[in-house]
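K.L.:
Here it is: the structure, laid out below.
The values are calculated or read from the model by the stated rules, or taken from the named source; none is laboratory data. Fair warning: this is a prediction, and the values are worked out from it, not measured in the lab. Backbone-built Cβ (ideal geometry, glycine too); neighbour counts: all protein chains shown.
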Amino acid sequence: MRKLSLDKLDALFAAISATNTLYLPVDTKAGARFERWESGKTLSTALNTVRSAKDFFFPQTENLMDFKVEGKSIEIIDTRTESEDFVLFGVRACDVKSFEVLDRVFLADPVDTYYKNRRDHGVIFSMACTRPVESCFCGTFGIDAANPGGDVACHMTDDALYLQANTDKGQRVLDSLDSLTEACTTEVVDEQNALIRERLARLPLADLSAEAFGSGKTAEYFDAPEWKQLSESCLGCGTCTFVCPTCQCYDIKDFNTGHGVKRFRCWDSCMYSEFTKMSAGQPRLTQLERFRQRFMHKLVYYPTNNDGLFSCVGCGRCVAKCPIHMNIVKVMKTLGGREHA
Amino acid sequence: MQEVKREALIARAAELLENGTVDRVLGWKAGEFDYDLTPALFHSAGELESDFVWNGFCGANFSKYLVKETGKSENKVLVFLKPCDTYSFNQLLTEHRFSRDRVYAIGVPCEGMLDAGRIKDSAEGIASVREDGDHVLVETLYDGTLTLDRTSLLPDRCRNCKSKKHVAYDELLGSDGEVLDSHRFDEVEQLERMTPDERFAFWQNELSRCIRCNACRDVCPACTCEKCVFDNPNSGVENKAAANSFEEKMFHIIRAFHVVGRCTDCGECSRVCPQHIPLHLLNRKFIKDIDQFYGDYQAGAEVGSRAPIVNYSAGDLEPYEAVERGGSDA
């Protein structure tokens with residue numbers, strides 16, 4: 001484990017930036033968001049960013065390729081840009097876990113090379129959460145905010161930053177920062193972790209359990225009468241899906257540029273009325289089916305296909321942002337507490 | 001603090017359920033925390049007693065829900081309307097979007113709603129929120145109990161409340177207020193004083209945060225098209241993403257144009273925006289222009305009024321006059 005005095009934090013960021021593009025959470029009037037670091041930018045003190053860190057591997061819109069049309073010939077133009085080395089600093093445990101959820105989708109055969117390139121070129125510096133808030137429930141899914149993972153795990157105290165490499169990739173970056181940091185014991189971090197775990201245990205959602213859900217529970221919940229009441233006031237907007245670190249659905253679209261085509265992919269949302277529209281129409285006719293899809297995917301379908309891993313990481317963004325405050329916590333409490341059929 | 005208490009709302013709703021005037025009640029349902037209320041239907045006095053909430057977090061405007069709700073049954077649904085909600089209610093009636101005879105509307109006075117986001121700006125980790133007169137007591141997870149000034153926690157739409165008067169109801173609980181002399185156009189005037197380049201930069205910055213979640217459109221009581229052009233894959237402007245920053249702006253500006261003369265300035269668009277984009281300012285600019293060019297007009301003030309924009313009179317100004325009267329930068 002290495003230790004950095006906090007008065008050298010700017011020097012650390014500058015040193016990382018010398019070889020990698022560095023992104024970190026910065027405060028804005030609309031909340032914290034990841035921005036490219038440059039001299040003068042300071043690390044946000046907010047617990048988490050409004051948008052999740054998935055943007056760096058699975059951006060909201062991404063140009064896949066361009067087609068240039070001249071007469072009867074079509075030229076394919078490579079527009080790929082995902083080969084830049086970058087460091088993502090200050091990623092919370094929930095978002096770090098979301099990368100595992102996304103990996104199982106995008107790195108499964110056939111491998112999504114756009115996503116894979118970004119993953120290969122990115123180094124994650126995670127950050128332990130000393131002050132988790134009421135909407136946090138990462139513990140429900142077995143995530144430990146005191147042990148945030150990533151390539152380098154960080155803990156911050158009032159005067160120092162502690163860094164521990166978890167992967168070779170992380171070790172290489174950490175080694176390059178040796179002149180700024182010093183070796184240290186784990187004593188301070190252990191002490192902080194004890195405090196964090198005590199705080200996690202006292203959170204209002206600490207007792208939320210996912211036990212009732214998981215692999216193979218489709219029949220148990222699919223026709224539950226509770227979906228009607230749960231989905232009743234859903235506006236059908238895409239806020240929950242777009243702030244979610246694990247939602248991974250996308251659409252590929254062609255944009256007519258007048259002299260060719262720009263082919264891009266963009267996030268899509270199962271909450272939208274035209275999502276997965278096929279020649280036969282939209283298979284999910286009302287908001288009830290669309291709403292059910294999102295939560296069944298997180299709690300049942302994804303675990304069924306991925307060794308029991310849930311595709312919710314308990315970051316609480318949907319809890320904070322849903323315009324009508326309907327969210328996965330309320331769904332789990334309503335369905336999980338019912339008499340099982 | 002709200003003048004009329006939760007118990008009074010529940011008591012009256014229970015009576016109306018009991019005597020068969022209505023068979024369901026559209027209200028705010030308690031959540032996990034004190035601030036995360038969900039619009040919900042209540043069918044019995046028992047359900048109301050256990051889950052119905054009336055407090056400073058009842059910001060959601062129920063008017064738009066009536067479009068769907070009145071289509072479900074011929075029986076009346078009871079709805080609670082705050083003053084600003086009643087304008088949306090009237091505007092939807094003007095547009096024949098729901099049947100008035102399937103609704104029983106109770107007006108409730110409103111002292112301004114609280115913005116949970118503003119509370120979170122001051123308090124990290126909220127264990128509970130309690131209103132106490134002009135103050136809001138926030139019990140936090142780490143910093144004890146904070147006493148915050150209630151006024152400082154109001155969202156912009158309540159700071160610049162345009163009316164405490166209910167313009168529609170079957171019955172009113174408590175006392176009615178007045179149309180207020182608000183300062184709601186002050187920010188629009190600030191934008192008008194900018195140079196076109198400054199104004200462009202302002203909106204570029206604000207709208208660049210848009211994630212195209214469509215929450216603003218989906219919550220908007222003026223947006224009740226059965227099929228939105230932005231949901232139509234054949235329109236070429238489908239909602240899924242912006243191919244470039246121009247498209248991002250196009251969505252919001254087209255939407256603002258589409259609700260001109262129909263937007264009642266309820267402020268729901270800005271309340272629900274996950275990226276804190278001040279969308280209401282686009283609509284307010286149009287409202288201000290209509291007031292200035294065609295005479296004062298408030299959408300939803302009464303049922304059946306024709307907005308200047310869909311009405312013709314011989315004295316209507318010509319486009320060049322609008323430019324002149326609006327000043328060189330208009």
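K.L.:
Filter the stretch A:21-45 down to residues that are surrounded by 18 or more Cβ atoms within 10 Å (Cβ to Cβ) and within 11 Å of chain B (Cβ to nearest Cβ) and give me whichever is nearest to A:D10 (Cα to Cα).
P.N.:
For the stretch A:21-45, the residue satisfying everything is A:R33.
K.L.:
Additional query: Conditions first: (1) closer than 23 Å to A:M332 by Cβ; (2) within 13 Å of another protein chain (Cβ to nearest Cβ). B:F62 passes all but one, so which condition is the exception?
P.N.:
Failed condition: (1).
K.L.:
Here's another thing I want to ask about it. Farther than 16 Å from A:C94 by Cα and exposed (fewer than 14 other Cβ atoms within 10 Å of the Cβ), is that true of A:E220?
P.N.:
No; evaluated as a whole, the condition is false for this residue.
K.L.:
Still on this structure, I have one more. Hey, among the residues in the stretch A:46-61 that are over 20 Å from A:S135 (Cα atoms) and surrounded by fewer than 21 Cβ atoms within 10 Å (Cβ to Cβ), which one's nearest to the other protein chains (Cβ to nearest Cβ)?
P.N.:
Looking at the filtered set, the residue picked out is A:T61.
K.L.:
Have a look at A:K217, A:K253 and point out the one that is under 24 Å from A:V313 (Cβ atoms) and either touching a residue at least 60 places away in the same chain (Cβ under 8 Å) or within 10 Å of chain B (Cβ to nearest Cβ) (or both).
P.N.:
Result of the check over A:K217, A:K253: A:K217.
K.L.:
Can you tell me which residues in the stretch A:298-320 are in contact with a Pro (Cβ under 9 Å, 6 or more places away or on another chain), surrounded by fewer than 24 Cβ atoms within 10 Å (Cβ to Cβ) and assigned to a helix (DSSP H, G or I)?
P.N.:
A:A320
K.L.:
Report, by residue number, each residue of the stretch A:8-29 that is free of Cβ contacts under 8 Å to residues at least 24 places away in the same chain and in a helix (DSSP H, G or I).
P.N.:
Scanning the stretch A:8-29 gives A:S17, A:A18.
K.L.:
Okay, next question. Scan the stretch A:175-182 and tell me whether some residue there is surrounded by fewer than 17 Cβ atoms within 10 Å (Cβ to Cβ) and part of a helix (DSSP H, G or I).
P.N.:
Yes, because at least one residue in the stretch A:175-182 is surrounded by fewer than 17 Cβ atoms within 10 Å (Cβ to Cβ) and part of a helix (DSSP H, G or I).
K.L.:
Mind checking which helices (runs of 4 or more DSSP H) fall wholly inside the stretch B:34-128 and carry at least 2 residues that are in contact with a Ser or Thr (Cβ under 6 Å, 6 or more places away or on another chain)?
P.N.:
B:83-94
K.L.:
Residue by residue through the stretch B:183-224, note down the ones that are away from chain A (no Cβ under 14 Å) and under 17 Å from B:S88 (Cβ atoms).
P.N.:
Within the stretch B:183-224, B:R184, B:A222 qualify.
K.L.:
Let me ask something else about it. Looking at A:L200, A:L235, A:L195, can you tell me which residue is within 28 Å of A:Q164 (Cβ to Cβ) and surrounded by 17 or more Cβ atoms within 10 Å (Cβ to Cβ)?
P.N.:
Only one candidate qualifies: A:L200.
K.L.:
Pairs please, first residue from the stretch B:272-295 and within 14 Å of chain A (Cβ to nearest Cβ), second anywhere and crowded, with 19+ Cβ neighbours inside 10 Å and aromatic (F, W, Y), Cβ atoms under 8 Å, 6+ apart in sequence or on different chains.
P.N.:
B:P274/A:F242
K.L.:
May I ask you to list pairs of residues, at least six apart or on different chains, whose Cβ atoms are under 6 Å apart, with the first in the stretch A:221-241 being within 8 Å of chain B (Cβ to nearest Cβ) and the second being among the small types (G, A, S) and in a helix (DSSP H, G or I)?
P.N.:
A:C237/B:A215; A:T239/B:A215
K.L.:
Condition first: farther than 18 Å from A:V105 by Cβ, more than 14 Å from chain B (Cβ to nearest Cβ) and free of Cβ contacts under 8 Å to residues at least 60 places away in the same chain. Now tell me which residues in the stretch A:290-341 satisfy that.
P.N.:
Selection gives A:E339 alone.
K.L.:
So if I check each of A:E187, A:E84, which one is over 24 Å from A:C315 (Cβ atoms), at pLDDT below 95, surrounded by fewer than 21 Cβ atoms within 10 Å (Cβ to Cβ) and out of contact with any Cys (no Cβ under 7 Å at 6 or more places or on another chain)?
P.N.:
Matching residue, one of A:E187, A:E84: A:E84.
K.L.:
Okay, next question. Residues in the stretch A:265-295 that are surrounded by fewer than 22 Cβ atoms within 10 Å (Cβ to Cβ) and under 19 Å from B:G236 (Cβ atoms): how many?
P.N.:
Matching residues across the stretch A:265-295 total 6.
K.L.:
Please enumerate the residues belonging to the stretch B:31-46 that are aliphatic (A, V, I, L, M) and at the interface with another protein chain (Cβ under 10 Å from one of its Cβ atoms).
P.N.:
Once the filter is applied, which keeps residues that are aliphatic (A, V, I, L, M) and at the interface with another protein chain (Cβ under 10 Å from one of its Cβ atoms), the stretch B:31-46 yields B:L37, B:A40, B:L41.
K.L.:
Considering the stretch B:4-41 alone, what residues qualify as being hydroxyl-bearing (S, T, Y) and under 24 Å from B:A127 (Cα atoms)?
P.N.:
B:Y35, B:T38 - these are the residues of the stretch B:4-41 that are hydroxyl-bearing (S, T, Y) and under 24 Å from B:A127 (Cα atoms).
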